[in-house]
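Take a look at the structure below.
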Amino acid sequence: MTEPVPPGLYTQPPQGPPPWLPARPLQASDPTVLTTGQVIPRQAMPVAPAADAFTVDLDAAPRVLRELYAARDELLNVRAEALQLGRVDPQTNDEVSRDAAMVFGAIATGGSGSLLAAVDGGIARLGELIGNVEAELAAYRQSEQENRGFLA
């Protein structure tokens, strides 16, 4: 004689995620599973470490700031393009086109390792660098004003 299983307990291990949880969006680093069942591994590009210290030639600082702002503006344009690339319409309903659109969207905007994540990281680093250069310039200008006042 077996004891009855209390309600809510599994009599066998669960098979996959519970049906009430939403599916996790495809990420850029996820392997690609084609409609044929073929699995294609993918590797996301590693993020390069950035240096935390730098020196600025004060005479070149205004030009450097202009170039940093221009680079950030370019990355903002690339970000807008990446968002568009993440919404590719397969135009047809065949399996190859749907697979390609799904994978292309994940590579463009699919979280860690995606083009969008890389561009956002670059924009953030450029913003930090711009802020640091501007802070150094402001500190230098403040020091110069104090020195002029001291000598006067």
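Readers should treat all values here as calculations from the given coordinates under stated rules, not as data from a laboratory. On a predicted model such as this, the values are computed, not experimentally measured, just so you know. Because the Cβ atoms are built from the backbone with ideal geometry, glycine has one as well, and the counts that use them run over all protein chains shown.
Modelled spin-label separation between residue 128 and residue 74, with each label point placed 7 Å from Cα along the Cα-to-Cβ direction: 2.1 nm.
Highest mean packing comes first when the peptides 113-120, 58-65, 125-132 are listed by Cβ atoms within 10 Å, giving 113-120, 125-132, 58-65. For the range 50-152, the alpha carbon convex hull comes to 100 Å³ per residue, rounded to a whole number.
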